[in-house]
Amino acid sequence: MQVTADSTKMDCVWSNWKSQAIDLLYWRDIKQTGIVFGSFLLLLFSLTQFSVVSVVAYLALAALSATISFRIYKSVLQAVQKTDEGHPFKTYLELEITLSQEQIQKYTDCLQFYVNNTLKELRRLFLVQDLVDSLKFAVLMWLLTYVGALFNGLTLLLMAVVSMFTLPVVYVKHQAQVDQYLGLVRTHINAIVAKIQAKIPGAKRHAE
């Protein structure tokens, strides 16, 4: 009973995150997506020029400069106008930002769920439970050695972020053409896999 409840809770959390991510990636709120996308790009471009420590320090200094300047400005304004509006950030200072035990448990369970699934999948691939899947994984790792030789981690991350915020919109606008080409590629790959399964002993899936 507890397992069912935990599973339902996990599905709800995942559904909520998925819905928010889809809204961002499909630019359903242009202002919100623009802010998130721009922030990611600014952060990644900064990391290509400076170290992580420098970027964090500069961001902290920029935030402090803005808040201190605004605090002094409001204090001078109150003194000139002889008003007593209190601290300009009073609303935010009184805002509750602590995580409840329930929230911590929810996110911990979610993390545990994905870590366990990842470990099981890696075990399945490295111990060759399915020969074809392990061969696919080996080919992918081999291709990544060439990708790693051409691009560093930050460049790949930058390309991934740009792709995440552009490809879904392109797919929606040209869905028919994209689906057609993807279908051709999938058919070709399935044909190659079928030939491999037919020629290599033990390559066929356990289900067959």
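The values are calculated or read from the model by the stated rules, or taken from the named source; none is laboratory data. Keep in mind that this is a model prediction, so the values were computed, not measured. A quick note on method: Cβ atoms are made from the backbone with ideal geometry, for glycine too, and the neighbour counts reach across all protein chains shown. Note: accessible area is taken over every heavy atom of the protein model, side chains too, but ligands, DNA and RNA are not part of it. Shrake-Rupley method; radii C 1.70, N 1.55, O 1.52, S 1.80 Å.
What number, rounded to the nearest 500 deg cm²/dmol, is the helix-based mean residue ellipticity at 222 nm of the chain, given -39500 (n - 2.57) per DSSP H run of at least four residues and division by all its residues?
So the calculated ellipticity at 222 nm is -28500 deg cm²/dmol.
Could you give the Stokes-Einstein D for the stretch 69-109 in µm² per second, using the C-alpha Kirkwood radius, 25 °C, 0.890 mPa s?
190 µm²/s
Which whole-Hz ³J(HN,Hα) couplings does the stretch 43-54 yield from phi under the Karplus relation 6.51 cos²θ - 1.76 cosθ + 1.60, θ = phi - 60°, glycine and proline marked x?
5, 5, 5, 5, 5, 6, 9, 10, 6, 4, 4, 5
Note down the magnitude of the dipole of the chain about its Cα centre, charges +1 on Lys and Arg C-beta and -1 on Asp and Glu C-beta and zero elsewhere, to the nearest 20 debye.
Dipole magnitude for the chain comes out near 620 debye.
Starting from the 7 Å offset along Cα-to-Cβ, what nm value, one decimal, do you get for the label separation of Val53 and Tyr26?
4.5 nm
Per residue, what accessible area does the chain have, given a 1.4 Å probe and all protein chains present, in Å²?
80 Å²
Considering all projection directions equally, how large on average is the shadow of the alpha-carbon convex hull of the chain, in square nanometres?
19.7 nm²
Take Gln112 and Asp179, extend 7 Å from each Cα along the Cα→Cβ direction, and tell me the distance between the two endpoints in nm.
My value for the distance between the label points is 4.1 nm.
What percentage of the solvent-accessible surface of the chain, computed with a 1.4 Å probe over protein heavy atoms, is contributed by carbon and sulfur atoms?
Carbon with sulfur: 67 percent of the solvent-accessible area.
Would you work out the relative contact order for the stretch 111-208, in percent, from Cα pairs under 8 angstrom that are 6 or more residues apart?
With pairs under 8 Å counted, the relative contact order is 44 percent.
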